Amino acid sequence: KYRFLNNPGSYVGPWRNDLNPPLVKPMEALTSLEHRAMVFVGPAQSGKTEMALSWVNYSVTCDPVDMMIVDKRQKDARDFYQRRLSKLYRTTAAVRKRLMPGTKGETTFSSQFTNGMLLTLSWPTPTEFSGKPIGRLWMADYDRYDENIGGEGGAFDLARNRAKSFKSLGMVVAESSPSRPVTTQKWKAKTPHEAPPTTGILELYNRGDRHMWYWPCVSCDVPFEPCFSKMRWNEDIADKLERAHDAWMECPHCQHRYREVAQEDGTPGKSQMNQHGFWMADGQTFDQETGEICGRPRRSDIASFWLKGPAAQFAEWPDMVAKYFDALEAFERTGDENPLMTTVNTEQALPFMSKRIEAQRLPEELMDRAADIGERGTVPAGVRFLIGSVDVQPNRFECGVHGFGENGDMYVVDRFKIRKSKRLDEDGHPFALNTYSYVEDWQVLIEQ
């Protein structure tokens, strides 16, 4: 109702939820009486800062409570005021008219409003996380904070202590793209939405109810999470930029292809898919018959959300894929993992696992990934062609049939032995195969 955006070349006008649907539910959680914290994991340029500014707008115009925004360092807090907060004051009249007049109303690190609300900008130090209570705290770019603030613990827990006296009316927020590495490969998710073991923002996400963003497939109606692992490209295209611009997202259930923009065949693009997207918490499932989300979500007083890179409204798929190609080439050429870590963390919104750690996977971990693909002889979904192979032994044929899908996926479809020939003894019983002596015994192989 009150917020106005002025971004020439992008969008000028009143705030519209339909311009970035994944932000709606996390913003609604900010006023929840059931939750006392909100955690948002997302890529760069996904709108995380816009949520903070909308919360300032809401607090000033609708429900005044003292608020503190914490950035990585003092210079980042100053930059936040100059580039973001002062622009909010200029463009949103409802906020501007509530500023106290004169220098008392607006300085670099604090703003006072006529309704009595005080907004301060700060950075993570022990003194900033102690003292008088503050009802609302926003911590930006959380993974760039020190893990231990002055020996007193993590910033998130220190901030929650500041809001404790407000009880259900208090709210603490941490947002960031993940930048802490996965330290062990000996991990298997216990639930569908569990994040890998790492510190920082994903550790906070795991404490919460673990929402992930889903798209309902227009072809098979089964929801899937739009993440980088489902991006596909044509390896036969030599030019990497052309290959990146040709990249698509693939439904893991029916292999339907989605491009970033809507296609002539009626397949919607990313923006249209986001309009129909929805959040599901750990423990919830989607009922295809009713189109409803059912099941009991994971219980927590932290509402946590994890938005992957390809679904971010302002992320461009060709740019994301091209940066991944560049980083992969740099690693293969020099062994330097830093460019790869950067694009995985900030573009894809995923934790980075060192290629050296990945190479140390144990056989037991691969066995744990086994999935039921149906009865023997069933061709699994995703198989593009079959290959039958025969190992010839003196007294038998060892036969195998393998199915091959895209990206080198291989499935064991069937395995059997042929031992009996069509040659009969005097009692009418078949002789054992003698593949080295009787050419007619090979006819059995062709038939079977």
How far is helix 48-61 tilted off the main Cα axis of the chain, in degrees rounded to 10, range 0 to 90? 40 degrees
Inter-part distance where region 119-185 and region 400-444 are each reduced to a Cα centre, Å: 67 Å
Over the chain: helical MRE at 222 nm, DSSP H runs n ≥ 4 each giving -39500 (n - 2.57), nearest 500: -6000 deg cm²/dmol
Test of understanding: in a Gaussian network model of the chain with alpha carbons linked when under 10 Å, which of A29, A371, A163 would top the mean-square fluctuation ranking? A371
Relative contact order (percent) for the chain, with alpha-carbon contacts under 8 angstrom and 6 or more residues of separation? 15 percent
Under the 7 Å Cα-to-Cβ spin-label approximation, Q275 and Q288 lie apart by a distance in nanometres of 2.5 nm
Treating the angle as unsigned and between 0 and 90°, give the value, to the nearest 10°, between the Cα long axis of helix 317-334 and the longest Cα principal axis of the chain. 70 degrees
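Greater than 30 Å separation of Cα atoms is the criterion. Which listed pairs, K72/K186; K48/K230; K75/K188; K1/K132, meet it?
Numbers: K72/K186 32 Å; K48/K230 24 Å; K75/K188 40 Å; K1/K132 32 Å.
Violating the 30 Å Cα-Cα cut-off are K72/K186; K75/K188; K1/K132.
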Cα→Cβ-extended label distance, 7 Å offset, between A238 and N434, nm: 5.7 nm
Can you give me the Cα centroid spacing of region 258-272 and region 277-327 in angstrom? 18 Å
Between W279, W248, W187, where does the largest GNM mean-square fluctuation fall for the chain, given springs only between Cα atoms within less than 10 Å? W187
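Order these peptides, 100-108, 151-159, 316-324, 281-289, by their mean beta-carbon neighbour count within 10 angstrom, highest first. Kindly include the intermediate steps, with their values, before the conclusion.
Working: 100-108: 12.2, 151-159: 17.7, 316-324: 19.2, 281-289: 14.8.
Ranked from most to least packed, the peptides come out as 316-324, 151-159, 281-289, 100-108.
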Excluding same-chain residues fewer than 8 positions from K104, which lysines have a Cα within less than 20 Å of its Cα? K87
Read-out Cα extents along the principal axes in Å, candidates (i) 113, 52, 50; (ii) 95, 57, 34; (iii) 142, 45, 35; calculated match is (i)
Can you tell me the accessible area per residue over the chain, all protein chains present, probe 1.4 angstrom, in square angstrom? 52 Å²
In the Gaussian network model of the chain, springs joining C-alpha atoms below 10 Å, which of F314, F416, F113 carries the largest mean-square fluctuation? F416
Using a 1.4 Å probe on the protein chains only, how many percent of the accessible area of region 26-160 belongs to carbon and sulfur? 46 percent
Whole-Hz ³J(HN,Hα) from phi, Karplus 6.51 cos²θ - 1.76 cosθ + 1.60, for region 76-87, glycine and proline x: 6, 5, 5, 5, 4, 5, 5, 8, 10, 5, 5, 5
Cross-link candidates for K167: which aspartates and glutamates have Cα within less than 14 Å, leaving aside residues fewer than 8 places away along the same chain? E34, D301
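Of all accessible surface on region 369-445 at a 1.4 Å probe, what whole percent is carbon and sulfur? Spell out each step's value before the answer.
On the way: 2800 of 5370 Å².
Ligands and nucleic acids excluded, carbon and sulfur reach 52 percent.
The values are calculated or read from the model by the stated rules, or taken from the named source; none is laboratory data. Just so it is clear, the structure is predicted and the values come from calculations on it, not from any experiment. Every residue, glycine as well, gets a Cβ built from its backbone with ideal geometry; the counts of neighbours run over all protein chains shown. Just the protein is used for accessible areas: all its heavy atoms, side chains included, with ligands, DNA and RNA removed. Shrake-Rupley method; radii C 1.70, N 1.55, O 1.52, S 1.80 Å.
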